[in-house]
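So the structure is just underneath, and the comments pick up after that.
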C-alpha cells in the first residue's frame, strides 16, 4: 500500500513545513508554503487510493485489522482537524483578533508533532517488496 517514495514525499512536505514554521515572519512565503502543504496533505489519500492496491493489502493480506494502520488513520484525522483549527487561527491573525497569534503558534507546534507521527507511522506501513 505505502511505498518508500510516498514516505519520502511526505518527509519532503514535513521539511517544507519546518522551514515555513521557522520563517513565519516572511508572511507571504509562510502562507504560500503552509497552504500548499495543507492542500497536498488533504489530496494525498486520493492519490494513494488511485495508485495503490488497497484490496490486496487490506483485505486479502488481512491488514485491515492492523493496529498500526488504525493508529495511522487516527493520526491523519487528528492532523486534518488541527489543520482546520489552524486555518481558523490564521484567519484570526489576519483579522487582528486578540490572542490569535499565540494560539496559532501553539497549534503549529502540535501540527508539527502530529505530522511527524503520521510520517513515522506511515513509514512503518511501507510494504516490503518480495524477492520473487
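All of the numbers you see were taken from the coordinates with simple rules; none came from a lab. Here the structure is a predicted model, which is why all the values come from computation and not from measurement. Cβ sites come from the backbone with ideal geometry, for glycine too, and all protein chains shown count toward neighbours.
Any idea which of 80, 49 is on the phi < 0 side of the Ramachandran plot, in contact with a helix residue (DSSP H, G or I) (Cβ under 9 Å, 6 or more places away or on another chain) and in a helix (DSSP H, G or I)?
Details: 49 fails: in contact with a helix residue (DSSP H, G or I) (Cβ under 9 Å, 6 or more places away or on another chain).
So the residue among 80, 49 that is on the phi < 0 side of the Ramachandran plot, in contact with a helix residue (DSSP H, G or I) (Cβ under 9 Å, 6 or more places away or on another chain) and in a helix (DSSP H, G or I) is 80.
Could you list all residues from region 1-23 that are without any contact (Cβ under 8 Å) to a residue 60 or more places away in the chain and either more than 21 Å from residue 123 (Cβ to Cβ) or loosely packed, with under 14 Cβ neighbours inside 10 Å (or both)?
Result: 5, 8, 12, 15, 19, 20, 22, 23.
Residue 43: part of a helix (DSSP H, G or I) and either closer than 17 Å to residue 126 by Cβ or touching a strand residue (DSSP E or B) at 6+ places or on another chain (Cβ under 8 Å) (or both), yes or no? First the steps, then the outcome.
Details: part of a helix (DSSP H, G or I): yes; either closer than 17 Å to residue 126 by Cβ or touching a strand residue (DSSP E or B) at 6+ places or on another chain (Cβ under 8 Å) (or both): no.
No.
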